[in-house]
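Beneath this line is the structure, given in structure tokens, with notes to follow.
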Amino acid sequence: MMKTTITDFTRRKFMRSLGVGAVVVASSAFAAGARKRGSSTVVELSDEQKDTLFFIFQEEKVARDVYITLGKMYTDETTFANIQISEQEHILSAQVLCERYGIDTSSVNLSLDDNYIGQFELHSMQELYNQCIELGQVSLLEALKVGRFIEVTDIEDLEKAAEGMPSDVVNTYENLKNGSLNHLDAFEKAIARES
């Protein structure tokens with residue numbers, strides 16, 4: 001039986017198989033109407049946009065949890081450990097947006113306890129995590145390619161998720177995207193070193 005590697009998947013086929021693309025694409029619907037909270041204006045989001053905020057929040061947790069798990073498998077490779085710290089900040093940034101727009105994140109345990117690493121509310125995110133870990137177990141090189149895949153996916157999803165969103169969401173997603181570009185660069189360097 002032949003083992004599957006991350007290079008066997010194209011992003012489009014992989015994401016379509018998980019059924020997550022529609023959630024992110026749905027973010028283009030923009031809801032009108034605003035309410036005042038203190039001195040800032042908060043826009044009412046559509047249900048689709050709220051789903052997108054929660055999706056991005058969970059996707060950031062996938063990245064962190066995959067890097068924690070792969071970092072435990074490949075303890076000599078510091079790329080996973082270095083980036084998982086940054087991914088924790090990404091999760092918290094996405095969580096702030098969820099809370100600001102009334103999206104309950106209390107069902108998601110962000111603890112670093114082993115009982116909660118790799119546990120997701122969204123089925124598509126659970127499948128993504130499971131697939132990434134399966135592929136990452138093949139070798140260190142494949143694990144690094146999983147990291148590259150996650151960052152490329154995050155960048156594309158953040159760009160799509162920002163469409164039609166209020167400026168605070170767009171700004172946060174732009175910051176997350178810049179972080180992911182740095183992570184992608186780190187994985188590219190590690191892949192080149194390992195190849």
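The values are calculated or read from the model by the stated rules, or taken from the named source; none is laboratory data. All values reported here derive from a predicted model rather than from experimental measurement. So basically every Cβ, Gly included, is an ideal-geometry build from the backbone, and we count neighbours across all protein chains shown.
The residues of segment 119-143 that are of a type in the set (D, E, K, R) and part of a helix (DSSP H, G or I), listed by number, are Glu127, Glu134, Glu142.
Restricted to segment 170-193, and to residues that are of a type in the set (S, T, N, Q) and under 15 Å from the mean Cα position of the chain (by Cα), which residue is farthest from Leu141 (Cα to Cα)? Taking the candidates together, the pick is Thr172. When the helices (runs of 4 or more DSSP H) confined to segment 1-115 are screened for residues that are modelled with pLDDT of 95 or more, those reaching at least 1 such residues are found at 47-73, 78-100. Under 7 Å between Cβ atoms, which residue pairs at least 6 apart in sequence (or on different chains) link something in segment 102-126 that is free of Cβ contacts under 8 Å to residues at least 12 places away in the same chain with a partner that is among the hydrophobic types (A, V, I, L, M, F, W, C) and surrounded by 14 or more Cβ atoms within 10 Å (Cβ to Cβ)? Note: pairs meeting the criteria are Gln126/Phe120.
So that you can scan it fast, the table gives a plain yes or no per residue for (1) of a type outside the set (D, E, K, R); (2) surrounded by fewer than 16 Cβ atoms within 10 Å (Cβ to Cβ); (3) closer than 24 Å to Glu188 by Cα:
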| residue | (1), (2), (3) |
| --- | --- |
| Lys61 | no, no, yes |
| Thr75 | yes, yes, yes |
| Thr79 | yes, no, yes |
| His90 | yes, no, yes |
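Just the residues that are assigned to a helix (DSSP H, G or I), of a type in the set (Asp, Glu), more than 19 Å from Ile83 (Cβ to Cβ) and in contact (Cβ under 8 Å) with a residue 60 or more places away in the chain, please, taken from segment 144-195. Of everything in segment 144-195, just one residue is assigned to a helix (DSSP H, G or I), of a type in the set (Asp, Glu), more than 19 Å from Ile83 (Cβ to Cβ) and in contact (Cβ under 8 Å) with a residue 60 or more places away in the chain, namely Asp168. Tell me, please, whether a residue that is surrounded by fewer than 20 Cβ atoms within 10 Å (Cβ to Cβ) and either within 12 Å of the chain's Cα centre (by Cα) or of a type in the set (A, V, I, L, M, F, W, C) (or both) can be found in segment 160-169. No, because not a single residue in segment 160-169 is surrounded by fewer than 20 Cβ atoms within 10 Å (Cβ to Cβ) and either within 12 Å of the chain's Cα centre (by Cα) or of a type in the set (A, V, I, L, M, F, W, C) (or both). Checked against the criterion of being acidic (Asp, Glu) and either farther than 20 Å from Gly71 by Cβ or buried (at least 20 other Cβ atoms within 10 Å of the Cβ) (or both), the candidates Asp114, Asp185, Asp157 yield just one match: Asp157.
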